[in-house]
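Heads up, the thing below is written out as structure tokens.
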Amino acid sequence: MLITYDSTADILYIELRRFPANDSIEVEKGVTIMLDKERRVVGIEVLQAREHIGMEQLRSVILRDLAWDTSSGIGPDYRPPVDLATQRPLAPPNGRMAKQEGRSPP
């Protein structure tokens with residue numbers, strides 16, 4: 001999953017699956033569910049995100065109960081979660097990412 005926010009365009013996009021969107025459904029004005037060719041949800045787009053979500057929520061993303069696979073480590077496609085305001089990586093609650101990168105947890 002990847003969450004991106006373009007502050008210039010004020011668009012939030014949550015990528016749930018890495019498949020191209022072939023269709024979409026607008027569930028409310030400015031909020032669109034993106035679908036693949038089998039009509040499975042691949043992403044959520046929010047236009048005018050500051051209005052829909054609020055700046056406080058855009059600045060703070062909290063990840064809970066993620067299935068961190070401690071047996072295999074972090075795979076080659078792993079991209080660490082980032083603080084949307086600073087674009088700095090966030091460490092999982094146990095500090096695993098920070099230890100792997102040779103730095104202390106934030």
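Where a number appears in this text, it was derived from the coordinates with a stated rule and is not lab data. Computed from a predicted structure; not experimentally measured. For neighbour counting, all protein chains shown are included, and Cβ atoms are generated from backbone atoms with ideal geometry for every residue, glycine included.
How do 46-57, 19-30 rank on mean C-beta neighbours within 10 Å, highest first?
My ranking of the peptides, most packed first, is 46-57, 19-30.
If packing is taken as the mean number of other Cβ atoms within 10 Å per residue, what is the order of 9-15, 34-40, highest first?
Taking the mean over residues of other Cβ atoms within 10 Å, the ranking is 9-15, 34-40.
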